[in-house]
Amino acid sequence: MFVGSSTLKMMHAVGLIAEFNPLHSGHQFALQKARQLSGADAVVVVMSGNFVQRGEPAILDKWQRTQLALDAGADVVVELPVTSSVQAADQFAEGAIDLLRGLNVHALAFGSEQADLDYLQLAKDLADISGSQNQFRQYNQTFATQLNEAIVQQTGQALTAPNTMLGLAYARATLAKDWPMALYPFARQGRDHDDPELDAHSASASAIRHALRQQQPVPEEVLPAATQAMIERLMPLNWTTLFPLLRYRLQTTPLSQLRAIYTMSEGLEYRLVQQLRPGHDFDAFLEAIKSKRYTYARLRRLALYTVLNLTQMR
């Protein structure tokens, strides 16, 4: 389904930024809530393509997840390309807001652990914090930790929950792009973002993905029948499939070319090559290259950039 931007200009549309990895009952709630809170005629979903923010392949491809989103109530689904989808929160948000601006969408709904915050005001209070790793140079802490500490110092607010941080990134992106956007935060339903527990009433997307990869049953109240049926027809792609490709790239690519991979900074190319062991699977490799400076998500994204040969922009 496609609606041109000229048509959207005549409609009141609300945006929803998502991965739907995979689409579950919480996402259905989000689609309903976006329409309800904004009173919009159309819900425009900006959705990650085949690769997602945490640095791995989506469990279903973009075409399948688009169909599920449309069936669940979305009116338009637009792809967030890999150059934005596999990014830290600020860059992820900027890419998504850019797409909504191109479609003339002036409202955005998002789930949050702290739905009562004034996100635009917080974003204005943080105007001096760039969100760039160059601003934080303590090598015994991750960039995310240092950014969170700077936010607390500037605003007095502890904003560590992942969807709260993402909501703040959306607000900051609307200011950076000078795009007027009405924000509609709503309280997330069910379990926390990365909660590993799975029960008959609620589950995080992380818990659902883990269960599916272990071929464990997922209750239909949590994972709709349409999503389950689509997953049953294929073998989900994951890092078990991709790791041999990463190994090949690291073993055959000159260091000078690895150095050109996007975000391959501070000599990480040496660390990746040196820590590659014959018996490693991807989890063991990730553990070997982990340090206090980098989060697992940051290193997964770097590994995916290496597989895809995404190089630094010049």
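If I filter the range 91-113 down to residues being open to solvent by 50 Å² or more (accessible area, probe 1.4 Å) and under 14 Å from the mean Cα position of the chain (by Cα), which single residue comes out as nearest to K33 (Cα to Cα)?
Going through the qualifying residues, I end up with E94.
Any idea how many residues of the range 222-240 are farther than 12 Å from L23 by Cα and of a type outside the set (A, V, I, L, M, F, W, C)?
Within the range 222-240, residues that are farther than 12 Å from L23 by Cα and of a type outside the set (A, V, I, L, M, F, W, C) number 5.
Pairs only if they're at least six apart or on different chains, beta carbon under 6 angstrom, first in the range 266-295 and over 19 Å from T253 (Cβ atoms), second open to solvent by 80 Å² or more (accessible area, probe 1.4 Å) and part of a loop (DSSP other than H, G, I, E, B); list them, first residue then second.
Pairs that qualify, where the first residue is over 19 Å from T253 (Cβ atoms) and the partner is open to solvent by 80 Å² or more (accessible area, probe 1.4 Å) and part of a loop (DSSP other than H, G, I, E, B), are K292/N140; R293/Y139.
Among the residues of the range 197-204, are any open to solvent by 60 Å² or more (accessible area, probe 1.4 Å), acidic (D, E), at pLDDT below 75 and more than 27 Å from G95 (Cβ to Cβ)?
yes
Identify, by number, the condition in (1) free of Cβ contacts under 8 Å to residues at least 12 places away in the same chain; (2) buried (at least 23 other Cβ atoms within 10 Å of the Cβ) that W63 doesn't meet.
W63 satisfies every listed condition except (2).
Only one of these conditions is not met by A226: (1) touching a strand residue (DSSP E or B) at 6+ places or on another chain (Cβ under 8 Å); (2) in a helix (DSSP H, G or I). Which number is it?
Condition not satisfied by A226: (1).
Only residues that are touching a strand residue (DSSP E or B) at 6+ places or on another chain (Cβ under 8 Å) and either open to solvent by 10 Å² or more (accessible area, probe 1.4 Å) or of a type in the set (D, E, K, R) (or both): list them for the range 19-28, please.
E19, H24, G26, H27
Please determine, by comparing only the residues of the range 60-80 that are outside any helix (DSSP H, G or I) and touching a strand residue (DSSP E or B) at 6+ places or on another chain (Cβ under 9 Å), which one is farthest from K177 (Cα to Cα).
So, considering only residues that are outside any helix (DSSP H, G or I) and touching a strand residue (DSSP E or B) at 6+ places or on another chain (Cβ under 9 Å), the one farthest from K177 (Cα to Cα) is G73.
The values are calculated or read from the model by the stated rules, or taken from the named source; none is laboratory data. Predicted model only: the values in this text are computed from it and were never measured. Methodologically, a virtual Cβ is constructed for each residue, glycine included, from the backbone with ideal geometry; neighbour enumeration extends over all protein chains shown. Keep in mind that these areas ignore ligands, DNA and RNA; they rest on the heavy atoms of the full protein, side chains included. Shrake-Rupley method; radii C 1.70, N 1.55, O 1.52, S 1.80 Å.
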